[in-house]
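In what follows, a single structure is set out as structure tokens and then discussed.
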Amino acid sequence: MKLAFSTLGVPGLPISDVLRLATAHGYHGVELRAHPEEPVHPGIGADERAEVASEFKAAGVEVLGVAGYARVAAPGDDEVVIGEIRSLVELARDLGAPYVRVFPGGAEGQDPADADAVAARRLGTAAEYGADLGVRILLETHDSHRTGAAATRVLGLVGHRQAGALWDVMHTWLGGEQPQDSYAALSPYLGYVQVKDIVSAEDTTPVALGAGVLPLAECVEVLSRHGWDGWLCWEYEKRWYDHAEPLASLLGAGREHLGRLLNESA
């Protein structure tokens, strides 16, 4: 498996510094948080996109994905959501990234079947566009669809190879799903896996990998046992937790911890 980290852990950090961290600590890729407060987002122009792609190529680091904030099950106009996804897909294409992350985003009180149908309709349309540009759109296990079982209700309705799943191991665990069950549900659709660790179910402050309560060893073991050889991406949610330790000081030990888990599960 190849290792990456998300720029959610280094809010606002210039790309050159992000790449220095990746190369210094042996990470193969970076997931770029595509938000206007970050250096890379859909609002940047062609020259800036080309420069970012060139920096990554020169560093020998891959752009794993563009982590967007489109909410595919949210109430409202389809075209607004589809347009947001298309802009993310175009950014990913320009950066050479294979994946775009979207959220479910179903509203509280929304009928689950309606949320599934809305999300599937939008993802199906966006997936056609993604196919034309060579980018796969991944529905993250998150918010209204935090388990593998919930996410695959949507993806089963879509039935398009360019619509897949992003397994966030925290959300499936918080949803009460065991790693083997999450993998069984998501494996036909799986793009990559977001790993992390947290203090507790009640306190989701990010901590060093292995220092919290999430079943990372079990997740890696399940993936290894089934011969899955994709990406593990450390999503350290520093942006939302000012008091959390800086990611830069944890990256080396995190890389070593994931390496140990991979060796133990081999």
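The values are calculated or read from the model by the stated rules, or taken from the named source; none is laboratory data. Just so you know, these numbers come straight off a predicted model, no measurement behind them. When we count neighbours, we look across all protein chains shown, and the Cβ atoms used for this are built from the backbone with ideal geometry, even at glycine. Quick note on the areas: whole protein, heavy atoms, side chains included, nothing else; ligands and nucleic acids left out. Shrake-Rupley method; radii C 1.70, N 1.55, O 1.52, S 1.80 Å.
In the elastic network of the chain, a GNM with C-alpha springs shorter than 10 Å, the most mobile of E202, E221, E90 is E202. With springs connecting C-alpha atoms under 10 Å apart, model the chain as a Gaussian network and identify which of D242, D181, D114 has the largest mean-square fluctuation. Judging by the Gaussian network model, the answer is D242. The loop-placed GluC sites (Glu not before Pro) in segment 97-152, going by DSSP, that have at most 11 neighbouring Cβ atoms within 10 Å of their Cβ come out as E108. Calculated accessible area for the chain comes out at 40 Å² per residue, all protein chains present (probe 1.4 Å; ligands, DNA, RNA ignored).
For the chain, the relative contact order comes to 19 percent (Cα pairs under 8 Å, sequence separation of at least 6). Loop-only check: which trypsin sites (Lys or Arg not before Pro) in segment 109-198 are DSSP coil with at most 12 other Cβ within 10 angstrom? Hits after loop and neighbour filter: R161. Rounded to the nearest percent, how much of the accessible area of the chain (1.4 Å probe, protein heavy atoms only) is carbon and sulfur? Carbon and sulfur: 50 percent of the exposed surface of the chain. Working note: 222 nm ellipticity from helices only, DSSP H runs with n ≥ 4, each -39,500 (n - 2.57), summed and divided by the residues of the chain, gives -13500 deg cm²/dmol to the nearest 500. Taken as Cα centroids, segment 237-251 and segment 170-212 sit 18 Å apart, rounded to the nearest whole angstrom. Debye-formula intensities of segment 82-163, expressed as log10 I(q)/I(0) at q = 0.11, 0.13 Å⁻¹, are -0.26, -0.37 (one equal scatterer per alpha-carbon, no solvent).
Scan (i) 45; (ii) 52; (iii) 56 for the value of percent of Cα pairs over 24 Å apart calculated from this model and give just the label. Step by step, percent of Cα pairs over 24 Å apart for this structure corresponds to label (i).
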